[in-house]
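Report on the following structure.
The values are calculated or read from the model by the stated rules, or taken from the named source; none is laboratory data. All values derive from a computational prediction rather than experimental measurement. All Cβ positions, even for glycine, are placed from backbone atoms using ideal geometry, and neighbour counts span all protein chains on display. Ligands, DNA and RNA are excluded from the accessible area calculation, which covers all protein heavy atoms including side chains. Shrake-Rupley method; radii C 1.70, N 1.55, O 1.52, S 1.80 Å.
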Amino acid sequence: NVAEVRDMTVSVSGTGPIEPLHTYKATTLVSGEVLEAPFEEGQVVNKGDLLFRIDAKDAENSIQQLELTLRSAQLTLNDLLKTQSDNQKDRNIKSGADGVITKLYVEQGDMVTVGTLVADVLDRDRMKLTVPFHAADAAAFYVGQTASVAVDGTAETMSGTVDSIAATDEVGPGGTLVRQVTILVSNPGALSETSRGTASIGNSACASGSAFTYAASKQITAKASGELGTLSVKEGDRVSDGQVIGVIDETDMATQIENARIQVENAQLSLKNAQDRLEDYSITSTIDGEVIEKNYDVGDNIDATTGSTSGVTYPAVIYDLSALTFDINIHELDINKIQVGQQVEITSDALDGQSFTGTVDKVNINGTTSNGVTTYPVTVRIDGSPQELKPGMNISARIIVEDAGQVLCIPVEAVSRGQNGVSLVKVAGPGALDEAGSLADPSKLEDREVTLGRNDESFIEVLSGLEEGETVFIQNAASANPWG
């Protein structure tokens with residue numbers, strides 16, 4: 001073989017099956033009878049077109065049941081919230097009168113129930129005296145009117161005011177009609193419920209005397225159940241009518257409400273999930289393309305767990321044939337030569353004598369390693385989508401890496417590796433060849449160190465070490481003459 005100047009095109013080759021630009025293999029997450037399948041094989045469909053509508057009555061019934069569950073959970077929560085609002089006033093423990101706390105029956109932190117005795121309130125600073133007056137006299141009295149009160153056994157009189165007048169008459173001593181009148185006086189300190197007295201209003205005196213009573217003597221009780229979280233008074237403290245002296249925590253109610261909220265949220269989530277799943281009963285195309293397979297029709301039953309009773313994997317298969325692509329695996333030593341946009345020459349054994357072109361569309365750096373060698377998938381897009389090429393056909397591709405032009409070349413097989421990794425070729429020395437140019441004396445062959453450059457599948461560029469026209473030899477172990 002003679003070292004000669006020739007055109008060299010640096011390329012990387014590979015093989016792979018043709019694929020459509022996009023493929024959609026329809027799947028289903030639900031089972032049921034096919035109610036609609038408005039397409040046929042060979043038909044072109046658009047993205048979003050309905051392929052199959054599956055009977056969703058079970059899902060719709062489930063949604064109705066979940067709606068009822070949600071409505072019930074919401075009503076329960078609403079009832080609890082209303083009860084909480086209604087009970088708010090009952091959780092506040094209030095004094096029912098002006099006075100002094102004479103006794104506490106509970107402590108902060110105690111558990112109470114409805115009716116639990118909380119405290120006694122007594123108003124000793126004021127006393128009430130309820131006495132009968134002749135009905136005719138009482139008819140002219142009014143609340144707030146000044147009255148004079150005398151304490152039995154003493155010469156002392158006190159000023160008071162009319163606090164209330166009975167609305168009806170009653171029969172008094174001797175059969176006369178009387179009306180009870182209550183008079184409020186300040187307690188100078190000596191009066192108690194054992195003291196008695198009489199009263200006069202204007203020029204009218206009462207018909208008979210009676211015992212004094214404290215202006216207020218109340219027992220405060222709990223109107224709700226729970227833990228007494230707050231108690232703001234102690235024995236001896238003065239309180240006013242309506243004053244809040246403690247608050248019962250709503251721990252149980254709060255827990256019930258929180259649980260009810262969780263039930264509502266769970267019901268809402270279940271309903272939303274069921275409504276979202278309803279969309280699964282309509283299978284639509286995700287791409288524009290041609291229907292390659294239609295494996296179900298109206299009346300067929302699809303089983304999401306097995307594909308179908310007949311074992312068909314996909315209800316439908318759609319190819320986007322607007323462009324054709326293929327992947328080839330490129331050796332790790334060559335992958336850095338490949339770039340998007342490089343031209344590709346394509347042939348197929350199925351189409352003898354025909355060739356096609358394409359371009360590198362994508363270089364994937366997610367390699368696969370096997371037996372210590374890593375390869376990387378490179379995607380090629382075929383120019384023009386020629387009808388002769390069909391999905392599934394195996395093709396051979398030659399990626400044009402570089403057009404090196406006219407360079408000095410020798411066959412790749414002529415190069416061997418010497419010590420220290422230098423490149424060597426066998427070159428005919430003086431006397432090695434006969435007049436016809438055939439090898440006459442193999443002993444006259446000599447190893448020549450060469451510097452190499454680019455290469456294609458058959459030839460490699462020689463940068464130095466050889467001259468054009470020199471003869472190099474390739475060892476051929478199968479031949480009688482090992483050098484050819």
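A few remarks follow.
- Cross-link reach list, lysines versus residue 89, counting only Cα pairs under 26 Å and skipping chain neighbours closer than eight places: 103, 218, 223, 234
- For the chain, diffusion coefficient by Stokes-Einstein and Kirkwood Rh (Cα), 25 °C, 0.890 mPa s, µm²/s: 69 µm²/s
- Angle of helix 57-91 to the longest C-alpha principal axis of the chain, folded into 0 to 90 degrees and rounded to 10: 40°.
- A probe of 1.4 angstrom, applied to the heavy atoms of all protein chains, finds residue 24 with accessible area near 40 square angstrom.
- Using alpha-carbon coordinates, inclination of helix 251-278 to the longest axis of the chain, degrees: 30 degrees
- Anchor residue 444: aspartates and glutamates whose Cα lies under 19 Å away (excluding residues fewer than 8 positions away in-chain): 434, 435, 467, 470
- Cα-only Debye scattering, segment 279-433: base-10 log of I(q)/I(0) at q = 0.11, 0.21 Å⁻¹: -0.73, -1.28
- Taken over segment 64-217, the ratio of Cα radius of gyration to 2.2 N^0.38 Å equals 1.66.
- Sorted peptide list for 370-376, 86-92, criterion being average Cβ within 10 angstrom, highest first: 86-92, 370-376
- Over the chain, dividing the summed -39,500 (n - 2.57) contributions of all DSSP H runs of at least 4 residues by the number of residues returns a 222 nm mean residue ellipticity of -5000 deg cm²/dmol.
- For segment 351-447, taking Cα atoms only, Rg and Dmax work out to 22.2, 60 Å respectively.
- Portion, in percent, of the accessible area of segment 309-351 that falls on carbon or sulfur, probe 1.4 Å: 45 percent
- Measuring nothing but protein heavy atoms, the accessible surface of segment 1-92 at 1.4 Å probe radius is 46 percent carbon and sulfur.
- Length released on extending from residue 196 to residue 336, taking residue separation times 0.36 nm less the Cα-Cα span: 38.5 nm
- For segment 143-189: rounded, prolate or oblate by the Cα gyration tensor [a/c cutoff 1.5]: oblate
- Accessible area in square angstrom per residue, the chain, 1.4 angstrom probe: 55 Å²
- Relative contact order for the chain, counting Cα pairs under 8 Å that sit 6 or more residues apart, in percent: 25 percent
- Accessible surface of segment 355-471, 1.4 Å probe, proportion on carbon and sulfur as whole %: 43 percent
- Qualifying trypsin sites (Lys or Arg not before Pro) in segment 164-255, where qualification requires a DSSP coil assignment and no more than 14 other C-beta atoms within 10 Å, comprise 234.
- Structural descriptor for segment 226-359: relative contact order 14 percent, calculated from alpha carbon pairs under 8 angstrom and at least 6 residues apart.
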